[in-house]
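Visitor: Sharing a structure below in structure tokens format, with a few things to ask.
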Amino acid sequence: MYIVQVASELAPLAKVGGLADVVCGLSWELSIRGNEVEVILPKYDCMRYDQIWGLTPSFNDLWVPWFGGGVHCTVWFGFVHGRKCFFIDPHSGDNFFNRNTFYGCNDDVLRYAFFSKAALEFLLQSGKRPDIIHCHDWQTGLLPVMLFEQYTHTDMQFQRACYTIHNFKHQGIFGHEVLHATGLGRPEHFFDHNRLKDNHNHLALNCMKGGIVYSNFVTTVSPHHAWEARFTDQGYGLNHTLHQHHQKFGGILNGIDYATWNPEIDPLLAARYSAETIQDKYINKEALRDRLWLNRGVKPIIAYIGRLDEQKGLDLVYHSIHHALSRDAQFVLLGTASNHSIHCKFQDLKHQLNDNPDCHIELSFNEELSHLIYAGADMVIVPSAFEPCGLTQIIALKYGTVPIVRSVGGLSSTVFDYNYSEKPMLSRNGYTFDNFDTYAVESTLNRTIGLYYDFPHEFRQLMINGMNCDYSWNHPGSHYVNIFNLIRHK
């Protein structure tokens, strides 16, 4: 098959969250299965250009219809760790992708509507006819809409769209202007509950809803989250739309790239190790302590790695730091805040605990340091309010770092409680809790720290159980290939 991924992120080039890792890992998995895979991205000015090999203009004269006129673009080509990538570079006074940021602009919907339109125009004008166009999140939600409403009237009538939703919370709400800009027009046609009309704001249209309605198949990033999106408030108002289109909706658990996240080959570790040589994990623990000026000793290290966002259960993270320290454990936090008030809250905590030799708070994101934390920590905590899939716990398992998670979304599909899971003992790999409160966090931390101190052999087996899990892209890759084969023959 010939598959084109259209996305706003790709690790390690342009990464804000898990979307970047998914596009990167899935693209590689599909390609090693014998498919022709290409990725189309915006040419941001703030990308990691050191991660692109052979960047060169590929299509010099792409004209994209826009607001009744046209925007001239250059399409660049380069390899990103073996992945074939095309970059849309518009020559426009709007400077859509020259803003030193990926997201957060007032005209984000307009920016990514242009990107989606440009991706389709590039395929049309270059003669590329993929079997599958795989779109991701609200940023490309309008691509299936335009494909059906505009491009099936060209010779692109055989292209099929798969749409993957990584985060239902951000949906891309917009109005008449985007319809005019893209040439979709006909507000009376699209302001319809069965098309793009937002389910709650009758004066607005919804990019994500458009992706659901118009694509040939819709996925989200874990089976449990697919259920949550349909039947709980985690669908963020799209439940009815998902019910209407349930026959083409399902969940596929994300994988991780074991070429990047694997302690047996990781070049960023002080010592590499496997389940058979797990004792060498503790070399990384001491290296982490030395790097962060933590006390040495027998105490466990508990880590939090990821964005500091309300989705992640920040009050529970905050509470877990104090509780861990009170229970004779150490705590390491690595993450960036999603807004100024959150940053200030954790900055104040950092000042409070600055002289504590058992705690380190790093309010930034450092990919290299994150590898050492995964390898050096004994436990990682993920107390999310919601978590469609979650990569933190999957990476932690591979590194023999016991996850402590709230049983939501993909967390409940990957972590199985040492005490209460119905799975066989060798399949249990961490600790889970249900309630979103401090009591649940304290109770679960107590169980985990208690096992670490009182039953070290059992804790070691729990680490090994996690390392033996297979959350590679192998199984998800098979599921996506099956879906692609299903829709391309329709």
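The values are calculated or read from the model by the stated rules, or taken from the named source; none is laboratory data. None of the values given here were measured: they were computed from a predicted structure. No Cβ is skipped: glycine too gets one built from the backbone with ideal geometry, and neighbour counts run over all protein chains shown.
Visitor: Please find, within the stretch 162-171, the residue that is modelled with the highest pLDDT out of those that are part of a loop (DSSP other than H, G, I, E, B) and either closer than 17 Å to L120 by Cβ or polar (S, T, N, Q) (or both). Quick ask: steps written out before the conclusion?
Guide: Initially, the stretch 162-171 is screened for residues part of a loop (DSSP other than H, G, I, E, B), giving 166-171.
Then keep just the ones that are either closer than 17 Å to L120 by Cβ or polar (S, T, N, Q) (or both); that gives 167, 171.
Numbers: N167: 93, Q171: 97.
Only one residue tops the list, namely Q171.
Visitor: For I361, are the conditions met, namely being in the same structural domain as A396 (by TED's automatic domain parsing), out of contact with any Pro (no Cβ under 8 Å at 6 or more places or on another chain), crowded, with 18+ Cβ neighbours inside 10 Å and not in a helix (DSSP H, G or I)?
Guide: The answer is yes for I361.
Visitor: Across the stretch 108-141, what is the number of residues that are touching a Leu at 6+ places or on another chain (Cβ under 8 Å) and among the hydrophobic types (A, V, I, L, M, F, W, C)?
Guide: Total meeting the criteria: 7.
Visitor: Within the stretch 441-452, can one find any residue that is farther than 30 Å from R160 by Cβ and part of a loop (DSSP other than H, G, I, E, B)?
Guide: Within the stretch 441-452, the subset farther than 30 Å from R160 by Cβ is 441-452.
Narrowing further to those that are part of a loop (DSSP other than H, G, I, E, B): none.
No, the stretch 441-452 has no match at all.
Visitor: Being in a loop (DSSP other than H, G, I, E, B), charged (D, E, K, R) and under 29 Å from P12 (Cβ atoms) is the requirement here; does D280 meet it?
Guide: Taking the combined requirement at face value, the residue does not satisfy it.
Visitor: Pick from the stretch 233-247 the residues that are of a type outside the set (S, T, Y), buried (at least 18 other Cβ atoms within 10 Å of the Cβ) and in contact (Cβ under 8 Å) with a residue 40 or more places away in the chain: which of them is farthest from H193 (Cα to Cα)?
Guide: The selected residue is Q234.
Visitor: Still on this model: For the stretch 338-358, give me the residue count where each residue is in a loop (DSSP other than H, G, I, E, B), surrounded by 14 or more Cβ atoms within 10 Å (Cβ to Cβ) and charged (D, E, K, R).
Guide: The total comes to 1.
Visitor: Check H134, H200, H170, H180 and return the single one that is under 22 Å from L486 (Cβ atoms) and either of a type in the set (A, V, I, L, M, F, W, C) or in contact (Cβ under 8 Å) with a residue 12 or more places away in the chain (or both).
Guide: H134
Residue by residue, here is whether (1) within 24 Å of I395 (Cα to Cα); (2) touching a residue at least 24 places away in the same chain (Cβ under 8 Å) holds:
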{"site": "L19", "(1), (2)": "yes, yes"}
{"site": "P42", "(1), (2)": "no, yes"}
{"site": "D50", "(1), (2)": "no, no"}
{"site": "L62", "(1), (2)": "no, yes"}
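Visitor: When the residues of the stretch 379-404 are filtered to those that are over 17 Å from the mean Cα position of the chain (by Cα) and in a strand (DSSP E or B), which remaining residue is nearest to N284 (Cα to Cα)?
Guide: Only one residue tops the list, namely M379.
Visitor: Go through the stretch 1-45 and report how many residues are among the polar types (S, T, N, Q) and buried (at least 22 other Cβ atoms within 10 Å of the Cβ).
Guide: 3
Visitor: Considering A377, A385, which residue is more than 17 Å from Y273 (Cα to Cα) and touching a residue at least 60 places away in the same chain (Cβ under 8 Å)?
Guide: A385
Visitor: Could you list, in sequence order, all residues of the stretch 302-353 that are closer than 16 Å to A377 by Cβ and among the hydrophobic types (A, V, I, L, M, F, W, C)?
Guide: I302, A303, I305, V317, I321, A324, L325, A329, F331, V332, L333, L334
Visitor: Quick check, is F77 among the aromatic types (F, W, Y), surrounded by 18 or more Cβ atoms within 10 Å (Cβ to Cβ), at pLDDT 95 or above and in the same structural domain as M156 (by TED's automatic domain parsing)?
Guide: no
Visitor: Moving on. Being of a type in the set (D, E, K, R) and in contact with a Lys or Arg (Cβ under 8 Å, 6 or more places away or on another chain) is the filter; apply it to the stretch 252-282 and report the residue that is surrounded by the most Cβ atoms within 10 Å (Cβ to Cβ).
Guide: Among residues in the stretch 252-282 that are of a type in the set (D, E, K, R) and in contact with a Lys or Arg (Cβ under 8 Å, 6 or more places away or on another chain), the one surrounded by the most Cβ atoms within 10 Å (Cβ to Cβ) is D266.
Visitor: Looking at the stretch 168-183, which of its residues are buried (at least 22 other Cβ atoms within 10 Å of the Cβ) and within 23 Å of S384 (Cβ to Cβ)?
Guide: Passing the criteria: F168, Q171, G172.
Visitor: List pairs: first in the stretch 80-104 and basic (K, R), second modelled with pLDDT of 95 or more, Cβ under 6 Å, 6+ apart or cross-chain?
Guide: Cβ pairs passing all conditions: R83/S27; R83/V39; K84/E38.
Visitor: Next question. Picking from G297, G335, which residue would you name as being assigned by TED's automatic domain parsing to the domain that holds L451 and buried (at least 19 other Cβ atoms within 10 Å of the Cβ)?
Guide: Of the residues listed, the single one that is assigned by TED's automatic domain parsing to the domain that holds L451 and buried (at least 19 other Cβ atoms within 10 Å of the Cβ) is G335.
Visitor: While we're here: When the residues of the stretch 408-440 are filtered to those that are in a loop (DSSP other than H, G, I, E, B) and within 22 Å of H475 (Cα to Cα), which remaining residue is nearest to the chain's Cα centre (by Cα)?
Guide: V408
Visitor: Kindly check whether there is at least one residue in the stretch 321-337 that is under 21 Å from the mean Cα position of the chain (by Cα) and farther than 24 Å from K285 by Cα.
Guide: Yes: one or more hits.
Visitor: Next up: Going by the conditions given, is G466 surrounded by 24 or more Cβ atoms within 10 Å (Cβ to Cβ), assigned to a helix (DSSP H, G or I) and modelled with pLDDT of 95 or more?
Guide: Numbers: surrounded by 24 or more Cβ atoms within 10 Å (Cβ to Cβ): yes; assigned to a helix (DSSP H, G or I): yes; modelled with pLDDT of 95 or more: yes.
Yes, satisfied.
Visitor: If you scan the stretch 1-46, which residues turn out to be farther than 23 Å from G251 by Cβ, outside any loop (DSSP other than H, G, I, E, B) and under 15 Å from the mean Cα position of the chain (by Cα)?
Guide: A14
Visitor: State all residues of the stretch 403-436 that are of a type in the set (D, E, K, R) and without any contact (Cβ under 8 Å) to a residue 24 or more places away in the chain; if no residue qualifies, say none.
Guide: Scanning the stretch 403-436 gives D417, E422, K423.
Visitor: Is it the case that L316 is closer than 22 Å to T444 by Cα, modelled with pLDDT under 95, hydrophobic (A, V, I, L, M, F, W, C) and within 22 Å of the chain's Cα centre (by Cα)?
Guide: no
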